[in-house]
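Written below as structure tokens is the structure these notes are about.
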Amino acid sequence: QVELVESGGGLAQSGGSLSLSCEGRGSRSGAYGMRWYRQALGRERELVAEISLTPTGGSRTQYADDVKGRFFVSGDMSKTILNLQMNYLRPEDTATYFCNGDVYYSGRYRTLWGQGTQVTVSS
């Protein structure tokens, strides 16, 4: 059984910082892309940040417009590790954050989701 497990999150004040981590567990051979999504109450799940491998062996990152300059994604695709540093948090960042990844195991890439971790930002 391969799974993604998130940690971190919690409660922060507006303007504060929190960090999230996601780690793949089980027999696997890395990922070619991993992402953080979030879902606030009553809203659809949205992509926050992504890191993916390029054909030349490098990596690239992408961010949702409202987190650019505040959130920073990092990770190690070979180890199926993903991190998110969240700075200058705002109350509207309050949501459940989910790790997502395209992980190679049992002969092919499969899309996995973590169970989610709560981030609450007070004003």
Answer yes if at least one residue in region 98-105 is acidic (Asp, Glu), modelled with pLDDT of 95 or more and open to solvent by less than 40 Å² (accessible area, probe 1.4 Å), and no otherwise. yes
Please determine whether any residue of region 82-92 is buried (at least 18 other Cβ atoms within 10 Å of the Cβ), over 10 Å from the mean Cα position of the chain (by Cα) and under 16 Å from GLY8 (Cα atoms). yes
Just for region 13-38: of the residues that are open to solvent by 40 Å² or more (accessible area, probe 1.4 Å) and farther than 14 Å from VAL121 by Cα, which one is farthest from the chain's Cα centre (by Cα)? SER27
In region 96-123, how many are assigned to a strand (DSSP E or B) and within 13 Å of ARG45 (Cβ to Cβ)? 6
Check region 70-77 and report whether any residue there is over 20 Å from SER123 (Cα atoms) and touching a residue at least 40 places away in the same chain (Cβ under 8 Å). yes
Could you tell me whether region 76-87 includes any residue that is of a type in the set (Gly, Ala, Ser) and touching a Leu at 6+ places or on another chain (Cβ under 9 Å)? no
Of the candidates GLY16, GLY69, GLY33, the one satisfying the condition of being modelled with pLDDT of 95 or more and assigned to a strand (DSSP E or B) is GLY33
Residue count, region 43-66 (criterion: β-branched (Val, Ile, Thr), open to solvent by less than 90 Å² (accessible area, probe 1.4 Å) and in a loop (DSSP other than H, G, I, E, B)): 1
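The values are calculated or read from the model by the stated rules, or taken from the named source; none is laboratory data. Everything numeric in this text was worked out from a predicted model, so none of it was measured. Methodologically, a virtual Cβ is constructed for each residue, glycine included, from the backbone with ideal geometry; neighbour enumeration extends over all protein chains shown. What goes into the accessible areas is simple: the full protein's heavy atoms, side chains included, and nothing from ligands, DNA or RNA. Shrake-Rupley method; radii C 1.70, N 1.55, O 1.52, S 1.80 Å.
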